[in-house]
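A short write-up of the structure that comes next.
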Amino acid sequence: MFDNLIIGQYVPRESVIHRMDPRAKLVCLFLFMIVLFIGNRIIALLPGILFVAVAFWLAQIPLRFFAKGLRLIVIIITITFILHLFMTREGNVLVDIGWLTIYEGALTQASLIAVRLFLLVILASMLTLTTTPIDLTDGLETLFGPLKKIGVPAHELALTMSIALRFIPTLLGETEKIVKAQLARGASFSEGSLVKRAKALIPLLVPLLIQSFKRAEDLATAMEARGYDGSSERTKYRELTWKRSDTFMLMVTILTGVMILILRG
Amino acid sequence: MHIKAQDLGYTYMKNTPFEKKALDGVNLEIKEGSRVAIVGHTGSGKSTLVQHMNGLLIPSEGSLTAGEMEIRPGTKQKTLSKLRQRVGMVFQFPEHQLFDETVEKDVAFGPMNFGLTREEACGRGRDALRKVGLHDESLYKKSPFELSGGQMRRVAIAGVLASEPEMLILDEPTAGLDPEGRVKMMELFSGWQKESEARSYVLVTHHMEDAATYADYIFVMHQGTVVLEGSPEVVFSHEERLQQWGLGVPKTTKLLIELSKKANTPINVASFSVEDTAKEIVRLLKGDKRDV
Amino acid sequence: MDQRNAHINIDRVSFRYREEDPMVLNHVQLTVPQGQWLAIVGHNGSGKSTLAKMLNGLLLPQEGVVSIGEWTTGNERHIKTIRKKLGMVFQNPDNQLVAPTVQDDVAFALENSGVEPQEMKQRVIAHIKKVGLEGLENAEPHKLSGGQKQRVAIAGALALEPAILVMDEATSMLDPTGREDIHQLMHEVKREGNKTIISITHDLDEAILADRVIVMKRGSIIGDGTPTDIFEQRTILKEAGLTAPFIVQLRHELESQGVALSKRIRTEKEMVDAICTLKRKT
């Protein structure tokens, strides 16, 4: 039932990218994001394209699977591209057929934005495809750790995120089960007017909410029984280790950034 | 209802790295009016199989015929409403499907979906509630969530029976119940089935005792296909093969097999009640040389 | 922490969830010495799970005192120690695992009690091994079977090296194979150390293996003794709405057909042996 829900899932492989420290991955992604928007012409983005291509190749994610998951994103990017193509009025006129006028500046501008978005989406989804949710959570927690001093509850946020990640598959399974149970009782979720369809969701949402509350209550009890009280004496099981290869990857990212900077117009 | 599966195959999440073949070349036939059990280890495909019987899943390969309806790859979900009325389904922990304000309304949900008016549906709902042993009418106006766990499960089952199906698919209906509750629940389904000659049920279970007691015919599933079928006597005489598939035999049979080995005497191990087992032991002690 | 001193004392404890409700526990009096395997049996609503939640202060008595060794649940400063001494496994395998992987979940209680990362690693690995889940360290909970999830929960409880392990209907949602697995694991735990095991259950096939059984009904203890004693008293079982274990049922049936066997028989193997001995005599 949730066959198409593949984006954001972790695909286990033994690649260099998979083995990277999550902090390194997050920092690299962040840096890359900034330099992408500094690169202001297609030629400047070439190192970026190369960088993403190599990273993708290294990560060993099956291309067909990846392409399937990106279908929606590609549509959005295409729409953005078309909008920019018609809205920008800069430079020489390229095409002029009656009401349709395309400027040279519009073409470069639209391509630039499309390429940027595309690279960004690929790299960002690669982060979730190659990093286990728990590593990602840990990475975020340590990166945001310093913000604890100004009152950001980094630990609580990370724990909440980790519990949410733990329960998403369980809740999806639960949803599927309830959908099937109601279908078996003759319910229909895909017929009739919008109001009718919204109403049809009640037999699904009520049981789901009730189960979720029950789960939350049980989980809170189990956590309490296991000594969780949110105190600061808590130690951490996972210690992230920054490896030499992480430094190397970071250097490569910075280098790519520098090249983009040099090539910008 | 007559059910027939021919070379039935089903694949979950096709064309993704998570693709998984759940059923492969399943062939089986269930006659009208029969009591059938499907047993198999977790992940053997038994739940996937039964969800084809009321059209919740559409085969990826092969076909499934239910009554006069044939379902093949490409059959549209919309055409299956009629089938779902005739084949009711009780899931594991059915109480999780309750949602409406009152017990009465919840039970009427199914029949109303199948086109009955509210009055008719409520009438059938009341009959079904009495059938599952909820006679106290003051309960009917209560919210289902105010009831005890056991009562909630009964209401959910009444909600399935209210559509007056000819066939019930019971997917682990006794999960989480204590031994007494299990017997009561199974007696309820057994009683329902006996009411009419056309009625049948398919019981999916991990409890070999239930399969032996409440089914006349058993299918054993392993890795997405039927590997053994027959009467309980036949199926449970293959203890070693069952063990290879991660399954056991009823407690009574297990004890008699052990006894047979230790005493080095052949015993008829196909006794599924405490009483018959005791008789068999007495026979052994008296040294009866009965044919086995 | 002195592991030997984990004698449980429940002294005239009463409890109800709301003022207008009937008593869930009614002047319950119970002591459990260190190292005993106690089964608490009773029908749904008999108060057995409430009693379990009293043991580590998840619920506090409205009357009476619950103490473990020299620590009482009524004293806020004792709670943390009590929860280190007493590990608890709950009924629903889906609702008690916190972390997204097996090893992180086993580590959870250790993190809470501030164990050093180095030691934590060792304990987590050792306990995953102990419960037979090697190779599944990185598995996600939703990919495990019910029995495996309960094993994770048990490993998580044992990793703290508690003196007491409480199983609150921990096998009731499992299939027979999963249940059998957990029973075996409980035996191993029992054999290995001087742990108190309290198993709360309505499965009398589980209770028959305990050192001692108490039967609860409507918040009171109506029977207390060895499994052999308790299961002979058919009136108590009937009153509590419970069915005798299979072995006991079979023995009673044999008795009514003229074959008398020892009341001490608790397992299938013992039953088979006894019948064979009897056969040789005839």
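The values are calculated or read from the model by the stated rules, or taken from the named source; none is laboratory data. Note that the structure is a prediction, hence the values are computed from the model and not measured. Positions of Cβ are backbone-derived with ideal geometry, glycine not excepted, and every protein chain shown enters the neighbour counts. Only protein heavy atoms, including side chains, enter the accessible area calculation; ligands, DNA and RNA are left aside. Shrake-Rupley method; radii C 1.70, N 1.55, O 1.52, S 1.80 Å.
Here is how the numbers come out for the structure above:
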{"read-out": "Single match in C:Arg280, C:Arg266 (criterion: over 25 Å from C:Val41 (Cβ atoms) and more than 7 Å from chain B (Cβ to nearest Cβ))", "value": "C:Arg280"}
{"read-out": "Test set (1) within 7 Å of another protein chain (Cβ to nearest Cβ); (2) among the hydrophobic types (A, V, I, L, M, F, W, C); (3) open to solvent by 40 Å² or more (accessible area, probe 1.4 Å) - C:Leu58 fails condition number", "value": "(3)"}
{"read-out": "Any hit, the range B:235-245, residues being away from chain C (no Cβ under 12 Å), under 17 Å from B:Val36 (Cβ atoms) and not polar (S, T, N, Q)", "value": "yes"}
{"read-out": "Index of the failed condition, C:Ile154 passing every other in (1) in contact (Cβ under 8 Å) with a residue 12 or more places away in the chain; (2) over 22 Å from the mean Cα position of the chain (by Cα)", "value": "(2)"}
{"read-out": "Answer from C:Lys48, C:Lys85 - the residue that is within 24 Å of C:Arg191 (Cβ to Cβ) and either of a type in the set (Gly, Ala, Ser) or touching a residue at least 24 places away in the same chain (Cβ under 8 Å) (or both)", "value": "C:Lys85"}
{"read-out": "Unique residue being open to solvent by 20 Å² or more (accessible area, probe 1.4 Å), closer than 18 Å to C:Val166 by Cα, among the small types (Gly, Ala, Ser) and in contact with a helix residue (DSSP H, G or I) (Cβ under 8 Å, 6 or more places away or on another chain) when the list is C:Gly69, C:Gly87", "value": "C:Gly69"}
{"read-out": "Test: C:Val189 is β-branched (Val, Ile, Thr), surrounded by fewer than 20 Cβ atoms within 10 Å (Cβ to Cβ) and closer than 30 Å to A:Thr235 by Cα", "value": "yes"}
{"read-out": "Of all residues making up the range B:85-103, the number that are surrounded by fewer than 24 Cβ atoms within 10 Å (Cβ to Cβ) and either in contact with a Phe, Trp or Tyr (Cβ under 9 Å, 6 or more places away or on another chain) or more than 15 Å from A:Val179 (Cα to Cα) (or both)", "value": "6"}
{"read-out": "Residue list for the range B:236-280, filter: of a type in the set (A, V, I, L, M) and touching a residue at least 24 places away in the same chain (Cβ under 8 Å)", "value": "B:Leu247, B:Val249, B:Leu256, B:Leu259, B:Ile267, B:Val269, B:Ala270"}
{"read-out": "For C:Gln257: the one exception among (1) touching a strand residue (DSSP E or B) at 6+ places or on another chain (Cβ under 7 Å); (2) surrounded by fewer than 17 Cβ atoms within 10 Å (Cβ to Cβ)", "value": "(1)"}
{"read-out": "The one condition in (1) within 14 Å of the chain's Cα centre (by Cα); (2) in contact (Cβ under 8 Å) with a residue 40 or more places away in the chain that B:Met185 fails to fulfil", "value": "(2)"}
{"read-out": "Exclusive hit being in contact with an Asp or Glu (Cβ under 9 Å, 6 or more places away or on another chain), in a helix (DSSP H, G or I) and closer than 20 Å to C:Gly223 by Cβ, set C:Ala52, C:Ala39", "value": "C:Ala52"}
{"read-out": "Odd one out for C:Ala157, checked against (1) open to solvent by less than 20 Å² (accessible area, probe 1.4 Å); (2) within 14 Å of chain B (Cβ to nearest Cβ)", "value": "(2)"}
{"read-out": "Residues satisfying the stated conditions in the range C:61-90, i.e. touching a strand residue (DSSP E or B) at 6+ places or on another chain (Cβ under 8 Å), of a type in the set (A, V, I, L, M) and farther than 30 Å from B:Gly181 by Cα", "value": "C:Val65, C:Val66, C:Ile68, C:Ile82, C:Leu86"}
{"read-out": "Yes/no for A:Thr88 being touching a residue at least 40 places away in the same chain (Cβ under 8 Å) and either more than 26 Å from A:Phe30 (Cβ to Cβ) or surrounded by 15 or more Cβ atoms within 10 Å (Cβ to Cβ) (or both)", "value": "no"}
{"read-out": "Strands (runs of 3 or more DSSP E) enclosed by the range B:179-245 - at least 2 residues per element that are more than 20 Å from C:Glu180 (Cα to Cα) and open to solvent by less than 10 Å² (accessible area, probe 1.4 Å)", "value": "B:200-205, B:217-222"}
{"read-out": "A:Lys236 within 11 Å of another protein chain (Cβ to nearest Cβ), in contact with a helix residue (DSSP H, G or I) (Cβ under 8 Å, 6 or more places away or on another chain), open to solvent by 40 Å² or more (accessible area, probe 1.4 Å) and assigned to a helix (DSSP H, G or I)", "value": "no"}
{"read-out": "Test: residue in the range B:255-272 that is in contact with a His (Cβ under 9 Å, 6 or more places away or on another chain) and either in the same structural domain as B:Ile30 (by TED's automatic domain parsing) or modelled with pLDDT under 95 (or both)", "value": "no"}
{"read-out": "Selection count where residues are modelled with pLDDT under 95, of a type in the set (Gly, Ala, Ser) and in contact with a helix residue (DSSP H, G or I) (Cβ under 9 Å, 6 or more places away or on another chain), scope the range B:144-161", "value": "2"}
{"read-out": "Of all residues making up the range C:114-137, the number that are within 12 Å of chain A (Cβ to nearest Cβ) and surrounded by fewer than 18 Cβ atoms within 10 Å (Cβ to Cβ)", "value": "9"}
{"read-out": "Residue within the range B:64-84 that is surrounded by 18 or more Cβ atoms within 10 Å (Cβ to Cβ), modelled with pLDDT under 95 and of a type in the set (Lys, Arg) present", "value": "yes"}
{"read-out": "Residue that is farthest from the chain's Cα centre (by Cα), among those in the range A:174-188 that are more than 7 Å from chain B (Cβ to nearest Cβ) and modelled with pLDDT of 90 or more", "value": "A:Val179"}
{"read-out": "Residue list for the range C:77-95, restricted to those being facing chain A (nearest Cβ under 8 Å), out of contact with any Pro (no Cβ under 8 Å at 6 or more places or on another chain) and within 17 Å of C:Asn5 (Cβ to Cβ)", "value": "C:Lys80, C:Arg83"}
{"read-out": "Condition broken by A:Met251, with the remaining ones in (1) free of Cβ contacts under 8 Å to residues at least 24 places away in the same chain; (2) open to solvent by 40 Å² or more (accessible area, probe 1.4 Å); (3) of a type outside the set (D, E, K, R); (4) part of a loop (DSSP other than H, G, I, E, B) satisfied", "value": "(4)"}
{"read-out": "Pair list, Cβ < 7 Å and 6+ apart or interchain, from the range B:88-117 residues that are of a type in the set (Ser, Thr, Tyr) to residues that are surrounded by fewer than 20 Cβ atoms within 10 Å (Cβ to Cβ)", "value": "B:Thr102/B:Tyr140; B:Thr102/B:Lys141; B:Thr102/B:Lys142; B:Thr102/B:Ser143"}
{"read-out": "Residue that is at negative phi, part of a loop (DSSP other than H, G, I, E, B) and surrounded by 17 or more Cβ atoms within 10 Å (Cβ to Cβ), where the choices are B:Ala270, B:Ala278", "value": "B:Ala270"}
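Residue-by-condition table, conditions (1) modelled with pLDDT of 85 or more; (2) surrounded by 14 or more Cβ atoms within 10 Å (Cβ to Cβ):
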{"residue": "A:Met20", "(1), (2)": "yes, yes"}
{"residue": "A:Val27", "(1), (2)": "yes, yes"}
{"residue": "A:Ile38", "(1), (2)": "yes, no"}
{"residue": "A:Phe56", "(1), (2)": "yes, yes"}
{"residue": "A:Arg71", "(1), (2)": "no, no"}
{"residue": "A:Ile82", "(1), (2)": "yes, no"}
{"residue": "A:Ile97", "(1), (2)": "no, no"}
{"residue": "A:Gln109", "(1), (2)": "yes, yes"}
